[in-house]
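Here is the structure we will look at.
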Ligand code: URA
């Protein structure tokens, strides 16, 4: 048995607090009956409706996928390209990616059916640390990398301070391997940051997301998160959302 507001939140419809409001406003039905008090618990067999629409009930599941390049971070693609859910043929739950990695970016991607968890991690104030390794065209100057560290102006605003480390460079081929640690998750952020200092990203990989790394996985492989990892990630996100609110 789970609290009604938790079940609504896990379905990804609203935060737990907003779910409580929906209940108080009389917008939630359990087995056809409007519920307005907050203490109610429901089991898997109870039919829950929000605004007359039945919500899907599934046990929450959490996976880490080592996304390969050339895959869309989506559950379907109208052009028939490979999507991240293709790597989970035996999983019956309706999982989806938490955020996105570009088609050509590889690395750590979380997959879940827990809408509350996904919304929390993708919250604009959530500051989960993400570690990227980029291969760039050309060798950025030290002062250019300093700009990335301090925050650089992009068309959607200045980026937050980042940590930047030159890992290696190839003078002959004029390429570099650079590690970039950021907390934000804007669209194509890493590629745009490097473009802003005049260097195209040739290859990009997300090596870490919060506490999760690619250790033990090959590209295209996935594993289930441990309950401890789920707890840790939730705590990390909650802490930063509260700190920044
Ligand atoms: N930044 C990018 O530019 N691309 C990604 O896929 C992730 C972060």
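Scanning segment 130-137 for residues that are in contact with a strand residue (DSSP E or B) (Cβ under 6 Å, 6 or more places away or on another chain), buried (at least 20 other Cβ atoms within 10 Å of the Cβ) and either outside the structural domain of residue 198 (by TED's automatic domain parsing) or under 27 Å from residue 226 (Cα atoms) (or both) turns up at least one hit.
Rundown of residues vs (1) modelled with pLDDT under 95; (2) crowded, with 17+ Cβ neighbours inside 10 Å; (3) under 24 Å from residue 60 (Cβ atoms), yes/no style:
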{"residue": "150", "(1), (2), (3)": "no, no, no"}
{"residue": "162", "(1), (2), (3)": "no, yes, no"}
{"residue": "167", "(1), (2), (3)": "no, no, no"}
{"residue": "176", "(1), (2), (3)": "no, yes, no"}
{"residue": "181", "(1), (2), (3)": "no, no, no"}
{"residue": "195", "(1), (2), (3)": "no, no, no"}
{"residue": "206", "(1), (2), (3)": "no, yes, yes"}
{"residue": "209", "(1), (2), (3)": "no, yes, yes"}
{"residue": "226", "(1), (2), (3)": "no, no, yes"}
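Among the residues of segment 104-116, the ones that are at pLDDT 95 or above and either surrounded by fewer than 21 Cβ atoms within 10 Å (Cβ to Cβ) or assigned to a helix (DSSP H, G or I) (or both) come to 1 in all.
Could you please let me know if residue 101 is in a loop (DSSP other than H, G, I, E, B) and crowded, with 21+ Cβ neighbours inside 10 Å? Step through it out loud before you land on a result.
Numbers: in a loop (DSSP other than H, G, I, E, B): yes; crowded, with 21+ Cβ neighbours inside 10 Å: yes.
Against the criterion (in a loop (DSSP other than H, G, I, E, B) and crowded, with 21+ Cβ neighbours inside 10 Å), residue 101 qualifies.
Suppose the filter is in contact (Cβ under 8 Å) with a residue 60 or more places away in the chain and under 18 Å from residue 201 (Cβ atoms); does residue 102 pass it?
Yes; evaluated as a whole, the condition is true for this residue.
The values are calculated or read from the model by the stated rules, or taken from the named source; none is laboratory data. Quantities reported herein were computed from a predicted structural model and do not represent experimental measurements. Please note: Cβ atoms are built from the backbone with ideal geometry, for glycine as well, and neighbour counts cover all protein chains shown.
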